[in-house]
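The values are calculated or read from the model by the stated rules, or taken from the named source; none is laboratory data. Quantities reported herein were computed from a predicted structural model and do not represent experimental measurements. All accessible areas refer to the heavy atoms of the entire protein, side chains included, with ligands and DNA or RNA removed. Shrake-Rupley method; radii C 1.70, N 1.55, O 1.52, S 1.80 Å.
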Amino acid sequence: MVTASLRPPSSATPPISDAEREARRELAACYRLADRMGWSDLISAHISHRVPGQPDHYLINPYGMLFDEITASSLIKTDARGTLLSESDYPLNPAVLVIHAAILQARPDLNCVMHLHTRDGTAVSMQEHGLLPASQHALVVWDKLCYHEFEGIALDDEEKRSLVRDLGPEKKLMLLRNHGTLSCGQTMGETFMLMYQLERACRMQVAALAGDSRLHPIPEAVIAKSAEQGRQIFGKDGFVPLGRKEWAALLRKLDREDPSYRD
């Protein structure tokens, strides 16, 4: 079992590179935006970013700060063993080592991971059928979604293997059964927008099932067509590539309204 007794920071902390400083700002922005979306769970949810040029080092939130308090300089830098590589008045959430470090170690194509416990995302993870192919938001990310069975609070090293196995070599979205949602991507913008699509789909499903359990069905051929369209739209050469346009717009909004995340 991973314990909360984590390693102290190195006494010879290297200076922060420009690339790491930018990654810190993007991650801090993601926390602020996630809070505005209503995705926070007090201090319990977490989002990570691989340190550019240091593939085995990760940035994560200090365990004890609310999402709307987090700034670029307050983020904790750590490695897969839980070594604290930056100064902080707060500890590291031990679940970070099970979820984030495991995924980022296993998937070098990914740089960011977001894990949430929202009402609607968790509700759909509790439903036996999981996410239904019943809305456009669900279908455009349909082929990116996988599932992971609940194994208790994510504190055991054993769960790292099953989590990585269930994510596989290509998936970027996950419903953690009876637990919550997870997204990951090459960039912070991709990770945020994939989570946005999943969370919106879950919210729509919960609302629809609360009104009438008989949902209007979508033909299998249209489900397949919509999933392919999603791959094209959000792909590298699509007209909304990897969330870049939405992310840039969200950062502009955040800079207008509260640029303190950059500090």
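Quick notes on this structure:
- Segment T83-Q232, extension gain: residue separation times 0.36 nm, minus the distance between their alpha carbons: 49.6 nm
- When only Cα pairs below 8 angstrom with a gap of at least 6 residues are kept, the chain shows a relative contact order of 21 percent.
- 17 Å tail of the calculated P(r), the stretch 162-263, as % of Cα pairs: 67
- For the stretch 139-200 versus the stretch 22-46, the spacing of their alpha-carbon centroids is 17 Å.
- Sequence of W142, W247 from largest to smallest accessible area, 1.4 Å probe: W142, W247
- Residue-span extension gain [R262 to V222] - 0.36 nm each, minus C-alpha spacing: 10.1 nm
- Max mean-square fluctuation residue, GNM over the chain, Cα-Cα springs under 10 Å, options A224, A95, A72: A224
- In the chain, one over the average inverse separation of all distinct C-alpha pairs is 18.8 Å, which is the Kirkwood hydrodynamic radius.
- Which listed pairs, of K172/K245; K172/K236; K77/K171; K144/K236; K171/K236, have C-alpha distances above 23 Å, in listed order: K77/K171
- Only Cα sites of the stretch 67-137 enter the Debye sum here, all with the same form factor; the resulting log10 I(q)/I(0) across q = 0.15, 0.20, 0.24, 0.29 1/Å is -0.73, -1.02, -1.17, -1.31, listed in q order.
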